[in-house]
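Step one of this worksheet: look at the structure below.
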Amino acid sequence: MSGPTGARDLEAVYEIPVQVSAVLGKSSMQVSNLLKLGRGAVVELDRKVGEAIDIYVNNRLVARGEVVVVDDKLGVTMTEIIKSDKSPT
């Protein structure tokens, strides 16, 4: 009889690399305008200051969060987990 899945049962997946992305916002522009951007240029994003950012794992939206500063580095705090509509198969 097998018991509930414990941390030791998951050790096989601990070393699998995943790509984590924090998206602050998006913008669309023509290539000609993109090529004109220089140092110090400002690109307007589709989000407002203080609005939650999207957190993706392997290109799948998994959470929303806020940008934080930790020891002079940017980080992300998850504030909402996004439930997937897909059921495990």
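The values are calculated or read from the model by the stated rules, or taken from the named source; none is laboratory data. Nothing here was measured: the structure is a model prediction, and the numbers come from that model. Neighbour counts are summed over all protein chains in view; Cβ atoms, including those assigned to glycine, are modelled from backbone coordinates with ideal geometry.
Candidates in the range 11-22 are the residues that are within 19 Å of the chain's Cα centre (by Cα) and not in a loop (DSSP other than H, G, I, E, B); of these, the one that is surrounded by the fewest Cβ atoms within 10 Å (Cβ to Cβ) is Val20.
Among the residues of the range 48-79 satisfying the criterion of being under 16 Å from Val20 (Cβ atoms) and among the acidic types (Asp, Glu), which is surrounded by the most Cβ atoms within 10 Å (Cβ to Cβ)? Across the range 48-79, the extreme among qualifying residues is Asp54.
Taking residues in the range 49-67 that are within 13 Å of Ile81 (Cβ to Cβ) and in contact (Cβ under 8 Å) with a residue 40 or more places away in the chain, and partners anywhere that are acidic (Asp, Glu) and surrounded by 14 or more Cβ atoms within 10 Å (Cβ to Cβ), the pairs with Cβ atoms closer than 9 Å and at least 6 places apart or on different chains are Gly65/Asp54. In the range 23-41, which residues are in a loop (DSSP other than H, G, I, E, B) and either in contact with a Leu (Cβ under 9 Å, 6 or more places away or on another chain) or within 18 Å of Leu74 (Cβ to Cβ) (or both)? The answer is Leu24, Gly25, Lys26, Ser27, Met29. Residue count for the range 42-79 under the criterion of being touching a Leu at 6+ places or on another chain (Cβ under 8 Å), part of a loop (DSSP other than H, G, I, E, B) and among the charged types (D, E, K, R): the result is 1.
For the range 80-89, which positions are in a strand (DSSP E or B) and either modelled with pLDDT under 95 or within 15 Å of Val20 (Cα to Cα) (or both)? I'd like the intermediate steps shown before the answer.
The initial filter retains those residues of the range 80-89 that are in a strand (DSSP E or B), namely 80-81.
Scanning the range 80-89 gives a single hit, Ile81.
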